[in-house]
Every structure is written in C-alpha cells, then in structure tokens.
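The values are calculated or read from the model by the stated rules, or taken from the named source; none is laboratory data. Since this is a predicted model, take the numbers as computed values, not measurements. So basically every Cβ, Gly included, is an ideal-geometry build from the backbone, and we count neighbours across all protein chains shown. Please note that ligands, DNA and RNA were not included when accessible areas were found on the heavy atoms of the full protein model with its side chains. Shrake-Rupley method; radii C 1.70, N 1.55, O 1.52, S 1.80 Å.
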Amino acid sequence: MLSADSSSAGSLRPAALPQRAQVVVIGGGVIGTSVTYHLAHLGVDVVLLERDRLTSGTTWHAAGLMATFGSTSETSTELRKYTRDLYLRLEAETGLATGMRQVGLIELAIEPGRLEEYRRVAAFNRHCGVEVHEISAREVAEMWPLARTDDVLAGFYIPADGRVNPVDVTMSMARGARQQGARIVEGVAVTGVTRKNGVVTGVQTAQGDIEAEYVVNCAGMWARQLGELAGVSIPLQAAEHYYLLTEPIAEVDRNWPVLEDPANYGYFREEGGGLMLGMFEPVCAPWRVEGIPPDFSFGELPPDWDRMGPFLEKTMSRIPVSAQVGIRKFFCGPESFTPDLSPVIGEAPELKNYFVAAGLNSIGILTGGGIGRLMAHWITAGRPDMDVTGMNIDRLHPYQATPEYRATRTVESLGMVYATHYPGRSMRTARGAKLSPIHHRLVEQRAFFRDVSGWEGADWYAPPGETPEVGELSWGRQPWYAHWEAEHHACREGVILMDMSFMAKFAVQGPDAGRELERLSANEVSAADGMITYTQWLNADGKLEADLTVTKLADDDYYVVASDTAHRHALTWMRRHFAANDARAFATDVTSAYAQINIQGPRSRELLAAVTRADVSDEAFAFRTARHIDIGFARVLCIRITYLGELGYELHIPAEQALGVYDRLTQAGRDVGLRHAGLKALSSLRMEKGYRDYGHDIDNTDTVLEAGLGFAVALDKPGGFIGRDAALAQKSAGKLSKRLVQVLLTDPEPLMFHAELVRRDGAALGYIRAASYGWTLGGAIGLAMIESGGEPIDQAWLDAGNWTVQIGDRLWPARLSLRPLYDPANKRIKM
Ligand SMILES: Cc1cc2nc3c(=O)[nH]c(=O)nc-3n(C[C@H](O)[C@H](O)[C@H](O)COP(=O)(O)OP(=O)(O)OC[C@H]3O[C@@H](n4cnc5c(N)ncnc54)[C@H](O)[C@@H]3O)c2cc1C
C-alpha cells in the first residue's frame, strides 16, 4: 500500500519505505541480498532498495555453477567455500530451498600448460580444504558418457561442487534477512545520494529520501552509473554472456557433474532433461558502453549468431550429440566485468561510508554468500577480515571508467576467465593508457612492456638486434630469461637504470604535516630534514594498511612514495586521517609531476658523479639521505635508498625535464657500462634481499611483526602512532607463531611463481605469496607466511625442520630464513 509522504512533495512513499536506517543497500540481486542478509544477522538496521523486483538484473538468468576449485587466491577460495556452505544450510534456516545440489564438478585439462596450472591449483585448493581428485580421461568418460575424451590429459574432480538455483538462493537470503528484521522494498529506484562533508548521509528516491549512516551500492551492471551520481568511480562494464539450452536428450542424467572445458570455451550441465552449454569466448562483446538502460528488467539480448558461431562450434565439439539435437534457446544476457577480473568491493575513496560490491565477472553466484559476509563485517567492524588488496575498489583508477577504456578492455576480460593463467601474463587490451615521460626512449632500448596499474612498465629489455617479444607463454624458462638474468647481474656488479615513474608520489605539506605523518607511521619519520624513512601504516588492530617511504624535506614539507597498487589507498588513508584530526596537513598527488628514474648498483655513485656537480661521496651523501641536486638544467630530488639491495639512488625529476636527465645519464652511462633493467629484475633483486611488496607478499591481514618488519617500528617514539598498542601487545606476548620467511629452493631447476605449498617435515604450513628467481643465490626464491600452529618461529626452529616446496605434484628441498639470504648485514647498500 502506498501512502503520501510529507517530506517529498508530490511523491508517493510506500509504507515500507522508512525515513532512516543504519544502512541502505541498493540493488536486490544476489549480492545486495547477501549483504543485507549478513548485516541483518549482525543486528544492523538495514533497508534494501530494489528498482524493480529481486533478481531482475543479472541474477535471474545465471547458470548457477558452484565451483570452489580454480583460484590460487586464498580470499577467493574462502569466499567460495563459505558461499557453498551457506547455500547448503539456508533452507534449514529460512524454509526456502536454494536448489543447491552437490553433483560435483569436473575441469578438463587438454593442454600441457593447463594441466600444469590445474595441478598447481589443485594442490593449493586442497591446502585450503577443498577436496580435489585428479582423474583420468577414462574416468571422465565414465562420469560423462556423452563427452569426447580422446584429447583429455586429465580431469580435476571436485565432488562437493555443483549447481544452485540463483533465484531461489536470493529469495532464501531475502527471507532470512527479513526474519532478522531487514526491510526489503521493491519497486524503488535510488536516484541519488545525499552527503555532508565528504560523508554519505543517505539516498534519494522518487518516493522519498532515506537517511543512512552507510550506503552500499550493489547495483550490478548499473553500479558505475549509480556511482557517478555520487562522484564515485566504479570501472565496470557489461558484456554479452551466453548459454545454449538443447532439447531433451534421453541419455542425459541430471546427477552428472558440471563439466568445464575451458580450452573449448565451454561448460556443460543438465537442464530440463537436455544440456546447458555455457560459454566464455576469447573475444567478447561489451554491451551498452554509453549506459545501461534504467528499465532493463529480466532482460535478454538478441544473440549474435555470426560472432558466436565459430566459438559455439568449438564448444559443441566436446559433446558431439549437442550438435545433433534441437536447440531450445540460445540465451544472451549481460554480466559486468572489471579491468582485472576481480570484483569491486569496499569503501569508495571519494566518499566516506559509501561502499560498493559489484563487478562480479560471472562468479557472483558462487562467491555471493562470502562477499555478503565480508562486506557486512567490513561495514560493522570498520575493516575487512580477509586480504582484500586485490579486490579493493581503491586499487582502480577513474581513467578506467572512461568509455573507451571499458569498451577496449572488456573485449578481453570475459575470455580471460577460461584462459590458462600463465605466470606474468599481462592484459593486452587498453594498453598505452599511461606513459612515463621517457617511454619512447625505453621503446628505442627495446623494452618489453607490461601493464603496471595502467602504466607501460618496462619488464625486460631485448639486446640490440632482437625484438622484444614473449613468444609462447609457458610455466618453464622462456628465451628472454637470459636478458633478465643479465640485467640482474648488471645491478649486482655494475649499474642499471630503471624507470619507476609509475610509483605513487605525494607532497604532504602544512604546519601539521610532520605530526600527522608521525601519527600514521609506525617508524619515526620526522626526526631530521633530508632523511628518507621506510615505514608501515597500521590500523588500530596493528594490521598493515600501507608500506611506503616518507622523506622529510622540511618541517612542513614531506614527500611520500608508495607502490602503484597502493596509490589511492595511501592517499585516502592520509586525507581521511588528516581531516578527522582537523589537521593543517594536506596531501597532494604529485605522481604525474615527477618521473622516477632509479640508478642502482655498485657503480651508481660513479655514474651520478658524472652527471652532477653535487658531492655524492659517501661522506657527503650517506645512505638514507635525500637532497636536491643538479643534473643538467634540472633540479632533481635525489634519494640514496634501494629496493634492490645495492648502493643506489632514486631520482625524482620534474616530468618535463625527465628526458634531459635520462639523456645525460645514458650518455655518461656509456663509460660505466650502464644497462637498462626492467621489472623482472626488480622482482628478482628485491626478493633475494627479502624486501616486501604490499599486496603481493604482505597484506591487510598481517601485522607488522608477522611481516618481519619490527625493525621499522619505533614503539617508543613520543606521541605513539595508530596501531601502536596492538603492535606492543603482540611484541609483549613473546615469539610469534606466524611469520613471513624467505624460501630458497636448493635445486636451481624448478621455478616458483605463487601459491606453491611450503612443507615442514611433510606438513604444509603456508604457501609462497610471491616469488621470483634468485640469479645470484642460484635458485627460485619467494616469501611465504608460515604458521607453526603454536610453536614460536625463530631461525633455530626453521633450521630444525626438513623443508620442501610442493610445485604441482613434486616436492623440492628448500632453505628458509628470517634474515635476508642476500647481504644480511647490508654491507652492499652502505658502500
Ligand atoms: C549468462 C550468465 C550466466 C552466469 N552464470 C553464472 C554461474 O554459473 N555462476 C556464477 O557464480 N555466476 C554466474 N553469472 C554471473 C552472476 O549472474 C552475476 O555475477 C550476479 O548475478 C551479479 O549479481 P549482482 O547482485 O551484482 O547484480 P544483479 O543481479 O544485476 O543485481 C543488481 C540489482 O540492482 C538493481 N538496481 C540497479 N540500479 C538500481 C537503483 N538505482 N536503485 C535500486 N536498485 C537498482 C537492479 O534492478 C538489480 O536487481 C552468470 C551471468 C550470466 C549473464
């Protein structure tokens, strides 16, 4: 029943539409409903507003595949497991069945590269508690008699996976939410948000406004447009997504497992006595780049037979009978995809208390329960309880929401779901979005580029006469490894030049800048002018929020440098904290204003001396000092610091003078054997030295002590810092049973990339979070978070164990160390 509402003149306010709530969730798809369900279970006063009817966006037509297998992200695997368990128990709670049936899932590997990938994934997934069996082609045929198996190398069978009914899941969660007091109002579209002083204060609708402390945008493919109304950038784009339903087939059994055949772009399951053939074609079609129609409900798109025909033929070749029976429906519906195939979740950098959970890349059903739980926890506790560095909305940038970027990148995204995920593969579309001022010089040097947060980052350099091409991707050594190795040694023995212009750089200024940065930083950062300090920023729980350097230029002038992936997180962290304290401190993003060229290696001082009149001797320019020096016509901020473990300097150059400085460096470099080095060398050099990389080997679930960064914590500094009490409490509690350790394989042959299990006396106690190859140490090297299960972890405990690393099915002996295996005494950086 509708009743008139005095606060919104002329409009009709549904009786169920409250004036205020703690949280307003926008969008009644699987995600918004799950967020509402979980908030309600936490006792939050929550209202869900759905423009039309629940599930009317994308959720109603999802295929309902449930897969816990397939990811080497711990967060993603845990989200999937939680979701499966929730869908299994919902009926008992709400009385509404979810249609969850654990018929099992089989992933086919028909190429050696994919077999290698799935063996690695299987080992990791088992470690996370997923039951996975590698099965033979014959066993696949027994479970799926209609499938052609002549080319199958292996199947990976997950008995507890299967299928669910997405509409029933949503309705069951909606009922569960209502039972806990949540209000769900259909037929009300949010038309805007209200805000005050950078904080969201509610939503606007044609039927009246609602005041709220938090707003959660779960509007699926509409989320980007809805975000724009609040000035929030949400780079996601809808794309066509297909499945085909056949007429009934007598032999088909509804209890057969779901079958995925990624090499042929397809998946199969029973539907209505026939088959459903779903597809992830390698080249896909964005839909409505200009904007999703506001009235698109329970909608279908006309299938593009011409475009899809060749892909469909390939998919059908796995189940030959599918090409012989009648087609009941070729369904096309839109689903949203993000630039890197990870969801967009978390609090918007632009607007406090405005959360987003959208961009599910076709796994919104199978992760929906977990995402709802994570979001509810995040909103109520103030921070997430899982590693979200790869999913946080603040990893993305506004340029990625431009129509051209979305149109270009989305063509590639959908197909990536079923591609073999070879290590180091970079997205190939929407390239060239950001170029360093010296980019064209690096092209002349034959750089091979990869996408680094939108920048073209030089990965490695081909020698004269060769073209920088990667060739065929694989899990083994590539022909260009020799160039990478040479760059690595050039840094250890001579001098290299590395373009790091993509680093995030901030000028932090004002009378309170020092005080505020001290409050945020675990290390002491304001002691002396012209000093750089490596520090972490912690939250009140003592968990890591950022890992960066702070350079003090003057009492009221600081220079903060963070990695590209932490760009917006670090900036938002500063701005929010400064504002909360009413501080006279201002953070300005100067990333584009400065190029960053690093010269590193034992001969870097010689090179620097050749291009400047400044005294760069060790006495005059000590390790960790920073000062402005002349190079040609430029005034360059030169910082003596290293991330590679050698004597070295970072040159921060006004962007418009970068070319001039680069030319002088390379000219003088001829006399000292200067070599260009890329990001592959960066990773191998820093990994040998055990230097951390936030978002790769350390994240928001680690404390600074667990991360092995206690040396950078000034527990006793005057005034303390955010997270100090938690850090002190952990330190006082004694030795840790969870620690990040360096892992070196003693056999030079095998390679590590990510997610390989680390075993002590056979038992898996952790996994490799990030890895590279130690060309100086002579083997694959990585960082792993080890959890002993209670025993204090120190070097003696590490030495007492028999350590191996599992790569696929094989075990390789390893050496573990708490101190850096390369130059533990820091002699080389203080030369
Ligand atoms: C063909 C196909 C097959 C798929 N198969 C699977 C599968 O097997 N497994 C799997 O996990 N995933 C699958 N997916 C993906 C899955 O369907 C999505 O990831 C998921 O449904 C996304 O849920 P959502 O809640 O984010 O979006 P939606 O379901 O679109 O919900 C968003 C809601 O927001 C509402 N809304 C929008 N704007 C407003 C506004 N201004 N005010 C109020 N409400 C608003 C919309 O009406 C809509 O109901 C498939 C998708 C497609 C297209």
Subset of the stretch 506-558, residues within 18 Å of ARG584 (Cβ to Cβ), touching a residue at least 60 places away in the same chain (Cβ under 8 Å) and among the β-branched types (Val, Ile, Thr), comes to VAL508
Scanning the stretch 66-82 for residues that are within 21 Å of ARG269 (Cβ to Cβ) and in a loop (DSSP other than H, G, I, E, B), which turns out nearest to the chain's Cα centre (by Cα)?
-> SER71
Could you list, in sequence order, all residues of the stretch 109-134 that are farther than 15 Å from GLY162 by Cα and aliphatic (A, V, I, L, M)?
-> ALA109, ILE110, LEU115, VAL121, ALA122, ALA123
Could you list, in sequence order, the residues of the stretch 375-396 that are touching a Gly at 6+ places or on another chain (Cβ under 6 Å) and open to solvent by 20 Å² or more (accessible area, probe 1.4 Å)?
-> THR389
LEU65 vs. criteria under 21 Å from PHE156 (Cα atoms), open to solvent by 10 Å² or more (accessible area, probe 1.4 Å) and either within 15 Å of the ligand (Cβ to nearest atom) or of a type in the set (A, V, I, L, M) (or both) = yes
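Out of the stretch 148-200, which residues are among the polar types (S, T, N, Q) and either within 15 Å of the ligand (Cβ to nearest atom) or open to solvent by less than 10 Å² (accessible area, probe 1.4 Å) (or both)?
Initial filter on the stretch 148-200 (among the polar types (S, T, N, Q)): 149, 165, 170, 172, 179-180, 191, 194, 197.
The answer is ASN165, THR170, SER172, THR191, THR194.
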Does ILE639 count as at pLDDT 95 or above, more than 29 Å from GLY774 (Cβ to Cβ) and open to solvent by less than 50 Å² (accessible area, probe 1.4 Å)?
-> no
Does the stretch 69-84 contain any residue that is out of contact with any strand residue (DSSP E or B) (no Cβ under 8 Å at 6 or more places or on another chain), over 24 Å from GLY155 (Cα atoms), within 11 Å of the ligand (Cβ to nearest atom) and in contact (Cβ under 8 Å) with a residue 40 or more places away in the chain?
-> no
Of the residues that make up the stretch 460-469, is at least one in a strand (DSSP E or B) and touching a residue at least 60 places away in the same chain (Cβ under 8 Å)?
-> yes
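Which of the following residues is within 11 Å of the ligand (Cβ to nearest atom), more than 16 Å from THR83 (Cα to Cα) and open to solvent by less than 10 Å² (accessible area, probe 1.4 Å): GLY28, GLY32?
Only one candidate qualifies: GLY28.
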Criterion (within 23 Å of ILE829 (Cβ to Cβ) and in contact with a His (Cβ under 6 Å, 6 or more places away or on another chain)) met by exactly one of ALA681, ALA707 | ALA681
Any idea how many residues of the stretch 231-248 are in contact with a strand residue (DSSP E or B) (Cβ under 8 Å, 6 or more places away or on another chain), open to solvent by less than 30 Å² (accessible area, probe 1.4 Å), assigned to a loop (DSSP other than H, G, I, E, B) and away from the ligand (no atom under 12 Å from the Cβ)?
-> 2
Pairs, please: C-beta under 9 Å, at least 6 apart or cross-chain, first residue over 13 Å from VAL741 (Cα atoms) and part of a loop (DSSP other than H, G, I, E, B) and in the stretch 809-831, second open to solvent by 40 Å² or more (accessible area, probe 1.4 Å) and of a type in the set (Phe, Trp, Tyr)?
-> ASN826/PHE623; MET831/PHE623
Just for the stretch 588-609: of the residues that are buried (at least 18 other Cβ atoms within 10 Å of the Cβ) and hydroxyl-bearing (Ser, Thr, Tyr), which one is farthest from the chain's Cα centre (by Cα)?
-> SER604
All conditions in (1) closer than 30 Å to TRP144 by Cα; (2) touching a Cys at 6+ places or on another chain (Cβ under 7 Å) are true of TRP256 except (2)
Which members of the stretch 700-714 meet the condition of being open to solvent by 30 Å² or more (accessible area, probe 1.4 Å) and within 22 Å of the chain's Cα centre (by Cα)?
-> THR701
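Out of the residues in the stretch 647-678 meeting the condition of being among the hydrophobic types (A, V, I, L, M, F, W, C) and open to solvent by 10 Å² or more (accessible area, probe 1.4 Å), tell me which one is nearest to ASP387 (Cα to Cα). If you could, list the steps in order and put the result at the bottom.
Narrowing the stretch 647-678 to residues among the hydrophobic types (A, V, I, L, M, F, W, C): 647, 651, 653, 655, 658-659, 661, 665, 668, 672, 674, 677.
Next, only the ones that are open to solvent by 10 Å² or more (accessible area, probe 1.4 Å) stay: 655, 659, 668, 672, 674.
On the way: ALA655: 35, LEU659: 39, ALA668: 45, VAL672: 44, LEU674: 39 Å.
Filtering the stretch 647-678 for residues that are among the hydrophobic types (A, V, I, L, M, F, W, C) and open to solvent by 10 Å² or more (accessible area, probe 1.4 Å), the one nearest to ASP387 (Cα to Cα) comes out as ALA655.
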Across the stretch 437-485, what is the number of residues that are aliphatic (A, V, I, L, M), closer than 23 Å to LEU659 by Cα and either modelled with pLDDT under 95 or open to solvent by 50 Å² or more (accessible area, probe 1.4 Å) (or both)?
-> 1
Could you look through the stretch 418-459, keep only residues that are under 28 Å from PRO286 (Cβ atoms), outside any strand (DSSP E or B) and charged (D, E, K, R), and pick out the one that is nearest to the chain's Cα centre (by Cα)?
-> ARG425
Could you check ALA513 against (1) out of contact with any Phe, Trp or Tyr (no Cβ under 6 Å at 6 or more places or on another chain); (2) open to solvent by less than 10 Å² (accessible area, probe 1.4 Å) and say which number it fails?
-> (1)
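Taking the stated definitions as given, is ASN264 open to solvent by 30 Å² or more (accessible area, probe 1.4 Å), at pLDDT 95 or above and over 26 Å from the mean Cα position of the chain (by Cα)? Before the answer, list the steps.
Details: open to solvent by 30 Å² or more (accessible area, probe 1.4 Å): no; at pLDDT 95 or above: yes; over 26 Å from the mean Cα position of the chain (by Cα): yes.
No.
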Restricting the stretch 287-338 to residues that are under 29 Å from the mean Cα position of the chain (by Cα) and open to solvent by 40 Å² or more (accessible area, probe 1.4 Å), the residue that is farthest from the ligand (Cβ to nearest atom) = GLU290
Identify, please: which residue in the stretch 339-374 is among the hydroxyl-bearing types (Ser, Thr, Tyr) and within 12 Å of the ligand (Cβ to nearest atom) and is, among those, most open to solvent (accessible area, probe 1.4 Å)?
-> SER362
State whether the residues of the stretch 516-529 include one that is surrounded by 18 or more Cβ atoms within 10 Å (Cβ to Cβ) and either hydroxyl-bearing (Ser, Thr, Tyr) or over 26 Å from GLY720 (Cα atoms) (or both).
-> yes
Scan the stretch 334-359 and report the pairs whose first residue is of a type in the set (S, T, N, Q) and whose second residue is away from the ligand (no atom under 12 Å from the Cβ), with Cβ atoms within less than 6 Å and a gap of 6+ or a chain change.
-> SER342/GLY390; SER342/MET391; ASN353/VAL199; ASN353/VAL200; ASN353/TYR214
Could you list all residues from the stretch 768-788 that are open to solvent by 40 Å² or more (accessible area, probe 1.4 Å) and not aliphatic (A, V, I, L, M)?
-> THR776, GLU787
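How many residues does the stretch 580-613 contain that are farther than 18 Å from ARG383 by Cβ and part of a helix (DSSP H, G or I)? Step through it out loud before you land on a result.
Quick first cut of the stretch 580-613, residues farther than 18 Å from ARG383 by Cβ only: 581-613.
Checking the rest, the ones that are also part of a helix (DSSP H, G or I) come to 591-593, 604-611.
Of the residues in the stretch 580-613, 11 are farther than 18 Å from ARG383 by Cβ and part of a helix (DSSP H, G or I).
Can you tell me which residue in the stretch 789-824 is nearest to LEU745 (Cα to Cα), limited to those that are polar (S, T, N, Q), out of contact with any helix residue (DSSP H, G or I) (no Cβ under 6 Å at 6 or more places or on another chain) and open to solvent by 20 Å² or more (accessible area, probe 1.4 Å)? Full working, then the answer.
Our first condition is that a residue be polar (S, T, N, Q); within the stretch 789-824, this holds for 795, 802, 804, 806, 817.
Keeping just the survivors that are out of contact with any helix residue (DSSP H, G or I) (no Cβ under 6 Å at 6 or more places or on another chain) gives 795, 802, 804, 817.
Now restrict to residues that are open to solvent by 20 Å² or more (accessible area, probe 1.4 Å): 795, 802, 804.
Details: GLN795: 17, ASN802: 13, THR804: 8 Å.
The residue in question is THR804.
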